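Notes to accompany the following structure.
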Amino acid sequence: MMMKSGDRGTSLCSQVHRTRHYWFCWTPSAPQTLPSITSNRLHTKTPDAFLPQQYYPLLATNILCMLEKTCQALRDGQDCSLGFVAQLLGKVCMQGYSSFIFETLVPRLSSLTRTDPLWQRVIQKLLEKIPERCMESVITGLIFNLRGAAAVSRLMGNLVVTNKKAQFVLTYKLVLQQYQHPTRLLKSLLGYLALNAERRPLLKQVLQSVCQVWCNSSAIKHTCVEQQLYVSKALLLCVALLNLSEIEELREEMLQCMLGGVQCRLDSNIERIRRMGMVVGECLSHRLDMPGSQLKFKYEPDEEIIELKSLMESIPTKDSEESEPEHQSDDTSRLQPESETSLTQSVTSQSGRDSDSELDSDDDLTPYDMSADQEKKKSAPPRYVRDCLEALMSSNDAERVELSLQAAEGLLRKNVKATQEVSVQFCKVLLHLDDRYNTEGFQVLRQNAMVALTVTDTKPVVEYLTTEFYSLNYSLRQRLDVLEVLALSAQELSEPITNKHTGAQPIAAVAARDQSDDITHWRQIVETRIQSKTRRISKSATQMVKAVPNRYASVAGSFIFPLLRNYDRSQVTFDLLGTDHLVLGRLLHTLGLLMHLAVNAPVASQMGRALLDFVWAVRFHTDQMVRRGVMFAVCAVFLSMPSDTLLTDLSDDLMETRAWLADVAENDCDTDCRSLAVQGLILLDKNLTTQLQLPDVET
């Protein structure tokens, strides 16, 4: 399809022709467009027609007019060239206005190419003429606005096969590097590769690349959760598009990908990543059709899991606007027999009830009211602390153990003297207690009883728990239970003494707080404290919260110092700085909470100094949960330590600390780490301003 250069002006509308001089200033020193040049000259007098929201749709309309004239010229036997329009379209898209252009172009082009092969050929030739440096922006904007793989195939043809730049963008960049795109773009892209025999080898190539990334443990550690979710969607979509012969060909690679990727994700501390690995593992094992060895996990389904599973269903190849009427007709035909069947069943059941009612003579009898009946218990709940302890230690009666657990918290809080006599022994029994009888609410009852022991006889129980945390022959679950009990107890003890004790209701009601919930909950506390320390324009001065007596201030050191004592001592069953990074992440969050609750305590300075030394040793950890814990602990120290003491301790490392926080805020792959690093910088600047006694400046 060639067009003589002298005929170019006759095939373009006057608007495009007049703007040609401005659009082809290709030198780096003049990247401006006609709207920007006009705005710079006319300023506030710029006509509305030169606003991007109006100018670029108008330009797209003129491009459509030119394409229509080109198609007509080809039907008349004339030669045409699309080079100028291709360069114009590429320039517009590269400057960031592809959404304005394609919102106007795509619906019309999709409709015209559905029935006219000449339009398909013209658009495909237009895309082939796009300059290489503009190819990515044009392709991305085009696929983003198209609906369905068939529409992409009609407009692009085999461009991905003939153009290396387009192939790189479609098979690598949009799948593995960029993850901000919606799922429908992935469906259109991968469906486009699967629609044609010449493009299907590229689909297998994409699958192999995605498999390598998905099972790479380093990629899991150094990429954000959102990107991992995007890659998981691409993997499931690729597998769903394979036929049986291709599955057999790639079975070994997919099996290795499944086993390695699932294992790496199950080792992660982030629950969202673990569930992602479970779902993808189940879908892949089902697709590989491995009898007797299909993976099956237990998890609570949510919207993300439902979406991932839905990707394994067949992907429609027709346009969405074409497929809707067919779905409606299918639904209508499907509903018709169902309505007839339900009508038949209702008539049959009605006739059956009529015949049975004649023979049933018990309808006139009045039933007994059994709503208030209670199951008779064989055992009675214990009334004394020692009886409760004895039942938990030696009883083989499931009912008695359950009653003892239910009564334990109330007895321990009510009988202070008796509790103090057996507090350590009782805590030891509860820590080693197993759910042998599948007791309902076992974890909550056991945890509440241990918290009651800790707040009733604080020093001995805390000393026991912190010592046992680093002892041998404890499971990771027991060590996490110790940290949860210490955190809940510290929160309860930090309540003002003047208030009547009501317990830590919001937290005690949760059986085992997830790590993600832990971060969200305590980050809200940190953000609230930051807001209280920030002065804003047009707002009254913030009143500082008064320090009030509490039971935690005098024992805060016994909570945190023993936990910092043996963290670098590796044991046979516990390697905190090695493989047991799950416990390390939770430990850092617990230490940050203990530090936050110790604000205004006499020992806060020593606690903050010790915690900063510990954090400094693990600040470059590869696990995301550990880095989140580090950031949370740093924010807690900046909030709780006095400004003069903090800057005195950080005087030698102040610049390095700021540089480290700035680097995390800019470059860390985890969104939560970046957010907490920004908060840490805000708090550090606030402390600097306060200590240097700068004049009050509203920020």
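The values are calculated or read from the model by the stated rules, or taken from the named source; none is laboratory data. The structure presented is a predicted model; accordingly, all values stated were derived computationally and were not measured. When we count neighbours, we look across all protein chains shown, and the Cβ atoms used for this are built from the backbone with ideal geometry, even at glycine. Only protein heavy atoms, including side chains, enter the accessible area calculation; ligands, DNA and RNA are left aside. Shrake-Rupley method; radii C 1.70, N 1.55, O 1.52, S 1.80 Å.
Things to note:
- If you wrap the range 202-317 in the convex hull of its Cα atoms and look at it from every side, the mean projected area works out to 7.2 nm².
- Between the range 609-645 and the range 86-109, the Cα center-to-center distance that results, in Å: 48
- Carbon/sulfur fraction of accessible area - the range 133-189, other protein chains in place, 1.4 Å, %: 51
- Surface composition of the range 581-699: carbon plus sulfur atoms contribute 54% of the solvent-accessible area (1.4 Å probe, protein chains only, all chains present).
- Here the Karplus relation 6.51 cos²θ - 1.76 cosθ + 1.60, evaluated at θ = phi - 60°, turns the backbone of the range 196-201 into coupling constants of 10, 5, 6, 9, 5, x Hz, with x for every Gly and Pro.
- Anisotropy class of the range 86-130 from Cα gyration tensor, a/c 1.5 cut: oblate
- D_trans [Stokes-Einstein, Kirkwood Rh over alpha-carbon pairs] for the range 207-247, 4 °C, 1.567 mPa s, µm² s⁻¹: 120
- For the pair K129 and D48, the difference between a 0.36 nm per residue extended length and the Cα-Cα distance amounts to 26.0 nm.
- Efficiency of FRET between R386 and V444 - r from beta-carbon atoms, R0 30 angstrom, step 0.05: 0.80
- As a size descriptor, the averaged projected area of the C-alpha convex hull of the range 136-255 was calculated at 7.2 nm².
- Equivalent ellipsoid semi-axes - Cα gyration tensor, the range 366-481, angstrom: 30, 17, 12
- Length-normalised contact order of the range 162-246 in % [C-alpha pairs under 8 Å, at least 6 apart]: 37
- Cα-derived Rg over Rh, computed across the range 39-198 with Rh taken as Kirkwood radius: 0.99
- Accessible area in square angstrom per residue, the range 46-184, 1.4 angstrom probe: 40
- Highest-first arrangement of 484-495, 608-619, where packing means the average Cβ count within 10 Å: 484-495, 608-619
- For the range 599-658, alpha-carbon Rg over 2.2 N^0.38 Å: 1.11
- Simple Cβ-charge dipole of the range 91-219, Lys/Arg +1 and Asp/Glu -1, about Cα centre, in debye nearest 20: 160
- Segment S394-C65, extension gain: residue separation times 0.36 nm, minus the distance between their alpha carbons: 109.5 nm
- Our coupling estimate for the range 455-472, obtained by passing each phi through the Karplus curve with A = 6.51, B = -1.76, C = 1.60 and θ = phi - 60°, is 7, 7, 10, 5, 4, x, 5, 5, 4, 5, 5, 5, 6, 5, 4, 9, 7, 7 Hz, Gly and Pro reported as x.
- Protection proxy ranking, peptides 32-45, 259-272, average beta carbon neighbours within 10 Å, highest first: 259-272, 32-45
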